[in-house]
Ligand SMILES: [Fe+2]
Ligand SMILES: [Fe+2]
């Protein structure tokens, strides 16, 4: 994740670390009562898709739509994350992935934190 660029000059690893930190902060600060370990695990792995999306390649043509599923599958295989954590990862691109609505507070926090971090990195 450190070798791939996410947005601007930010690596995927640094982006995921920022999303995990902001998710943690939002949860504590706003007293959202998300389960912390699950929240941080899913936040840190939400973009664990392991390729450079800037390089044109048929295997990730619809990156925006497909990478949440790829990341969730990789995270299940490598780290044995739970089904709920996988759902949080799968729903982080909502509303782009219109049918993948976050189903619990952990998913909503990650979805929001991801957008805030992405905008900050792009700007
Ligand atoms: Fe993503
Ligand atoms: Fe992200």
*Do we find that residue 65 is away from ligand 2 (no atom under 13 Å from the Cβ), within 24 Å of residue 120 (Cβ to Cβ) and surrounded by 17 or more Cβ atoms within 10 Å (Cβ to Cβ) in this structure?*
no
*All positions within the stretch 83-123 that are more than 15 Å from residue 34 (Cα to Cα), modelled with pLDDT of 95 or more and away from ligand 1 (no atom under 15 Å from the Cβ)*: 83, 98, 99, 101
*If we scan the stretch 21-37, do we find a residue that is buried (at least 20 other Cβ atoms within 10 Å of the Cβ), in a loop (DSSP other than H, G, I, E, B) and away from ligand 2 (no atom under 12 Å from the Cβ)?*
yes
*asked:* I need the full set of residues from the stretch 48-61 which are within 16 Å of ligand 1 (Cβ to nearest atom) and either in a helix (DSSP H, G or I) or in contact (Cβ under 8 Å) with a residue 60 or more places away in the chain (or both), in order please.
replied: 60
_Please go through (1) surrounded by fewer than 20 Cβ atoms within 10 Å (Cβ to Cβ); (2) away from ligand 1 (no atom under 11 Å from the Cβ); (3) without any contact (Cβ under 8 Å) to a residue 40 or more places away in the chain for residue 44 and return the number of the only condition it doesn't satisfy._
(1)
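The values are calculated or read from the model by the stated rules, or taken from the named source; none is laboratory data. Computed from a predicted model, the values in this text were never measured in an experiment. No Cβ is skipped: glycine too gets one built from the backbone with ideal geometry, and neighbour counts run over all protein chains shown.
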